[in-house]
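The values are calculated or read from the model by the stated rules, or taken from the named source; none is laboratory data. Predicted model only: the values in this text are computed from it and were never measured. As a convention, Cβ positions derive from the backbone with ideal geometry for all residues, glycine included, and neighbour counts pool all protein chains shown. Calculation scope for accessible area: heavy atoms of the full protein, side chains included, ligands and nucleic acids excluded. Shrake-Rupley method; radii C 1.70, N 1.55, O 1.52, S 1.80 Å.
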Amino acid sequence: LAVWSAPGARVAVLGAGREDLVLDVARRVGTYLRARQLATKEARLRDQLLAAAREWRRTFDAIDTPTMIVDGTGRVARLNKSALALAGRGSYEEVLWRELAELGPSEPWEGACVLVTSALRTRAAVSAEVRDASAGRTWELAATYSPEGDGEGERVIVVARDITARLELEESLRRSERTAALGTLIAGVAHEVRNPLYSISINLEVLEAEIAGGRPYEETARIIRAEVE
């Protein structure tokens, strides 16, 4: 067995007794180098996956609308920071893989459970508007069905949007419109009433001039004048 340590270096010739030792060392070195290379690739891939997971979490949490991903059995597989705050929990571990119905006894959780069941049954997107009377809040819920295909089974994406302020603004605008319409109506009625009253008043003055000194008619004219005013 001839071994070259470097270009132009002296050639070492090993006897047959040393060949097995050198081959074994070479195999061991090759195995070690391949293991190191594989470990490096695995570490790089793991770092990439962790970075992608952190980026996904930051993006998901940046959504200010409570958003949840529910699996086919009604358990919470993912949720963002807004949904966690709405549930009143301090950590994701308190919520993940729990039944959606366990997040709260009132809205929007009750309505979300109904929508998830409907989305899983119809395999379509559904929506509803629900109101939490105790808190005075109204929610617009949307549940979108996501079929299997990623190896994780069926999923339903639930979004709960607080529309209380919007509804209050719409009601305020409606009240303003009603008030404006009522003002227009009153102004129109006052105008229509004022015209005949003015005519009555003018004619009453003419009548009073003609019956001046006539006591029975004078009292009647006074009453008419008071009623016109």
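Measure nothing but the geometry: give the 0 to 90° angle between the long axis through the Cα atoms of 215-228 and the longest principal axis through the Cα atoms of the chain, rounded to 10°.
For helix 215-228, the angle is close to 10 degrees.
About its Cα centre, how strong a charge dipole does the chain have in debye, to the nearest 20, once Lys and Arg get +1 and Asp and Glu get -1 at the Cβ?
Using only the charged Cβ atoms, the result is roughly 2160 debye.
Just to make sure I understand: if all protein chains stay in place, what is the order of Tyr32, Tyr145 by accessible area at 1.4 Å, largest first?
Correct descending sequence by accessible area is Tyr32, Tyr145.
Please name whichever of Val29, Ala124, Ala87 sits farthest to the positive end of the charge dipole of the chain, dipole taken about the Cα centre and charges placed at Cβ: Lys and Arg +1, Asp and Glu -1.
Value computed over the given set: Val29.
Taking the Cβ of Thr40 as the center, what net charge do the other residues with Cβ under 11 Å away carry, scoring Lys and Arg +1 and Asp and Glu -1?
So the environment of Thr40 carries a net charge of +3.
Mind telling me which of Arg36, Arg58, Arg178 comes out most flexible in a GNM of the chain, alpha-carbon contacts under 10 Å?
Top of the fluctuation ranking is Arg36.
Where Rh denotes the Kirkwood radius from the mean inverse Cα pair distance, what is Rg over Rh for segment 104-191?
1.30
For Leu167, Leu103, give me the order by solvent-accessible area with a 1.4 Å probe, most accessible first, ignoring ligands, DNA and RNA.
Correct descending sequence by accessible area is Leu167, Leu103.
Mind grabbing the accessible area of Ser172 for me, 1.4 Å probe, Å², rounded to tens?
The accessible area of Ser172 comes to roughly 40 Å².
Determine the share of the chain's accessible area contributed by carbon and sulfur atoms, expressed in whole percent, with a 1.4 angstrom probe.
58
Over segment 65-129, give the accessible area per residue in Å² for a 1.4 Å probe, as an integer.
Using a 1.4 Å probe on heavy atoms only, each residue of segment 65-129 averages 49 Å².
Working from Cα positions, state the angle (0 to 90°, nearest 10) between the long axis of helix 109-122 and the longest principal axis of the chain.
70
Accessible surface of Glu208 in the full protein assembly, 1.4 angstrom probe, to the nearest 10 Å²?
60
With point charges of +1 on the Cβ of Lys and Arg and -1 on the Cβ of Asp and Glu, referenced to the Cα centre of segment 119-229, which listed residue (Ala180, Thr220, Gly153) lies farthest in the positive direction of the dipole?
Checking the options against the dipole of segment 119-229, the answer is Gly153.
If all Cα-Cα distances of the chain are sorted into 5 Å bins from 0 onward, what percent lands in each bin, rounded to whole numbers?
Taking every Cα pair in the chain, the percentages come to 1, 5, 8, 9, 8, 6, 5, 4, 4, 4, 4, 4, 5, 5, 5, 4, 4, 3, 2, 1, 1, 1, 1, 1, 1, 1, 1, 1, 1, 1, 0, 0.
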